[in-house]
Amino acid sequence: MVKSASYMAKYRIRIKAQQKGIQKPYQAGSSSDTKKDLKNMFEAAGFDTVNVSDDFPTPVAGAFALQLQNLEHKFGGVAMYKEYGDQNSVRQAALTTDDSGNAYGYYARQHPTGVTKNGKGTIEAQINLNPKLLADIKWHQKQLKVEQSLGFKVATNDNILSATRYTVTHEYGHLLQESIYKKAVAGGYSKSYNQFTGKMKREINAIAKRDYGATGKEPSSYGGTNSREFFAEAFTSMNLGKPNAHGMATRDWLKKNGYI
Amino acid sequence: MEYVGIPYFMTNKDWYESLDEDVYIPEFDDYVGIVLTDKAPEEAIESYREFYSCMNES
């Protein structure tokens, strides 16, 4: 790239200032440092493996990382997974950014390695964010607004930051629900994950109806597709500025059960 | 998973019903919270299959 004369003049002044020791080297904006900073930000939220696509503008990836830090500080879902998750395995958390087709993102438990020398395999609680659908925040906000206006996704306040945080909050909701289940199992709960998520759905629905006048059975029509999506959508509603009856009921359920 | 767009089978409320409790569907090896009604056309049935197959993959 050819730099303009004025750019080069400013650059020479900066270099001279650095040589005289009156200004620190200008490194924060370099791509390798930015990537390192972003990695550190995700690691601060508890993620051991971090792979952030270059397709994400730094402010967008930074917004994801800050939201994960914020959620982890409030709910401790990643830490809970590491403590109570799959007991016969080494437990880690991963943040990845692969193209996941027609999904903004997903949550999964992955087995990145085989069995290790001590006989334990590693299982990662993984949140994946799709750069093809999330990197352009204006496009994403517009698309999300259509889905929200039709009741398919929960409403948020009109802040563009809330739209940017939607997917990462939804996927963290999945991670948190599974961590809560793992903790319950460690405490003696013996039924299946589906029975547990169904129980949570019934209890949150009861609070939403009784205390907040909910008329529908789910926080959004997407939240009706199964009891896991029910919780992820209600959790998103709770956290993005405009909680509906199910969002408020989810907050109450988490409080009542000692997760807030 | 957070799905992008609205699946075709959910574009008409006469075509599907939301359940109080998830039911297990062997075809998807997963529990689902929505079933189709008799009014759902072939395209909606196809969309339903695609949607839940995709949900189970992630």
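The values are calculated or read from the model by the stated rules, or taken from the named source; none is laboratory data. No experiment lies behind these values; they were computed from the predicted model shown. Methodologically, a virtual Cβ is constructed for each residue, glycine included, from the backbone with ideal geometry; neighbour enumeration extends over all protein chains shown.
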Based on what the data block shows, is residue A:165 of a type outside the set (Asp, Glu) and more than 24 Å from residue A:55 (Cβ to Cβ)?
no
Does the stretch B:8-21 contain at least one residue that is surrounded by 13 or more Cβ atoms within 10 Å (Cβ to Cβ), within 9 Å of chain A (Cβ to nearest Cβ), part of a loop (DSSP other than H, G, I, E, B) and not basic (Lys, Arg)?
yes
Which members of the stretch A:206-221 meet the condition of being in contact with a strand residue (DSSP E or B) (Cβ under 8 Å, 6 or more places away or on another chain) and buried (at least 24 other Cβ atoms within 10 Å of the Cβ)?
A:218
Residues located in the stretch A:194-205, provided they are in contact (Cβ under 8 Å) with a residue 40 or more places away in the chain, under 20 Å from residue A:183 (Cα atoms) and crowded, with 19+ Cβ neighbours inside 10 Å:
A:200, A:204
Subset of the stretch A:167-205 (residues that are out of contact with any helix residue (DSSP H, G or I) (no Cβ under 8 Å at 6 or more places or on another chain) and either away from chain B (no Cβ under 14 Å) or of a type in the set (A, V, I, L, M) (or both))
A:187, A:188, A:190
In the set A:67, A:141, the lone residue that is without any contact (Cβ under 8 Å) to a residue 60 or more places away in the chain and not in a loop (DSSP other than H, G, I, E, B) is A:141
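Filter the stretch B:28-51 for residues that are assigned to a loop (DSSP other than H, G, I, E, B) and under 17 Å from residue A:194 (Cα atoms); which is nearest to the other protein chains (Cβ to nearest Cβ)?
We begin by selecting, within the stretch B:28-51, every residue assigned to a loop (DSSP other than H, G, I, E, B); these are B:28-29, B:37-41.
Adding the requirement that they be under 17 Å from residue A:194 (Cα atoms) leaves B:28-29.
Details: B:28: 10, B:29: 12 Å.
In this case the residue turns out to be B:28.
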Exception for residue B:55 within (1) modelled with pLDDT under 95; (2) in contact with a strand residue (DSSP E or B) (Cβ under 6 Å, 6 or more places away or on another chain) falls at (2)
Given the criteria within 14 Å of another protein chain (Cβ to nearest Cβ) and in contact (Cβ under 8 Å) with a residue 60 or more places away in the chain, does residue A:81 qualify?
no
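Please tell me if residue A:159 is surrounded by fewer than 20 Cβ atoms within 10 Å (Cβ to Cβ) and touching a residue at least 40 places away in the same chain (Cβ under 8 Å).
Values: surrounded by fewer than 20 Cβ atoms within 10 Å (Cβ to Cβ): yes; touching a residue at least 40 places away in the same chain (Cβ under 8 Å): yes.
Taking the combined requirement at face value, the residue satisfies it.
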